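The values are calculated or read from the model by the stated rules, or taken from the named source; none is laboratory data. Treat the numbers as computed from the prediction; the structure is a model and nothing was measured. Methodologically, a virtual Cβ is constructed for each residue, glycine included, from the backbone with ideal geometry; neighbour enumeration extends over all protein chains shown.
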Amino acid sequence: MASHHLAEERSLAYHCVTAWRIESEPQLLENARARVAQWHDVAPMSAEYVEAWRRLLDGPRPELLTLLVSRSEHARALGSIGELSPFHDTYGYHAQGVGPTTAVLPAGWEARLVVVRNENTRGASGLCLEVHDLLVSKLVAGRDKDVAFARVALAKGLASLETLRQRIGATALDAELRAAVLARVLVATRSS
């Protein structure tokens, strides 16, 4: 897949997450309006870009949500919502699109997906990794923020150390990576 196409697909995935967040947390629109006003006053962005966001944020919410999940040229022109994008700057968060091959996961993860569906999703369903599967993926990635995430999840009782170790055992890893992942578990548990 060409890198620009991949970037567009990620952008669309980011926008879908953002649309869901706006539906579940409408107050985010006020934050976004304030940020767009700041863009107008101090940021080196085109007046057309700022005005397009202002109209969109002040308009009917269904129009905003429809545009966010659209593949239209207009939607692409407003930019992605990835890390350090104008949307990230506006809302104070970003999203990252992922697929089944993005992360290293334990065998059987698909059967443990958690369905998120409530009044805030307006009947739409989202699939999230079960916490232990998520932790395996993060510990394989091994970034400091991932180990910190695991530390908090274990310390707050959101995950079981025994289940986490079982899931690591059910993950296809070479011996060196498995040892590194288990060492990260030790770091996470000693710091919690």
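Among the residues making up segment 148-176, those that are in a helix (DSSP H, G or I) and in contact with a Leu (Cβ under 7 Å, 6 or more places away or on another chain) are A150, A153, L154, L161, L164, I168. For A34, the stated conditions hold: it is surrounded by fewer than 13 Cβ atoms within 10 Å (Cβ to Cβ) and modelled with pLDDT of 80 or more.
In segment 153-192, how many residues are farther than 24 Å from A111 by Cβ, surrounded by 14 or more Cβ atoms within 10 Å (Cβ to Cβ) and under 23 Å from the mean Cα position of the chain (by Cα)? Matching residues across segment 153-192 total 2.
Could you look through segment 129-147, keep only residues that are of a type in the set (D, E) and part of a helix (DSSP H, G or I), and pick out the one that is nearest to I168 (Cα to Cα)? Filtering first and then ranking leaves D133. Which pairs do you get when a residue that is in the same structural domain as I22 (by TED's automatic domain parsing), found in segment 44-61, comes within reach of a residue that is modelled with pLDDT of 75 or more and of a type in the set (V, I, T), reach meaning Cβ atoms under 8 angstrom, with the pair 6+ apart or on two chains? That search, which allows pairs on different chains as well, returns V50/V36; W53/V36; R54/V36; L57/V36; R61/I22. Within segment 106-121, no residue that is in the same structural domain as V181 (by TED's automatic domain parsing) and within 17 Å of V17 (Cα to Cα) sits with its Cβ atom under 6 Å from a residue that is loosely packed, with under 11 Cβ neighbours inside 10 Å and modelled with pLDDT of 90 or more at 6+ positions apart or across chains. Looking at L105, is it assigned to a loop (DSSP other than H, G, I, E, B) and at pLDDT 95 or above? Here the answer is no, as L105 does not meet what is asked. Annotation: A52 fulfils all but one of (1) modelled with pLDDT under 85; (2) closer than 28 Å to E130 by Cα; the unmet one is (2).
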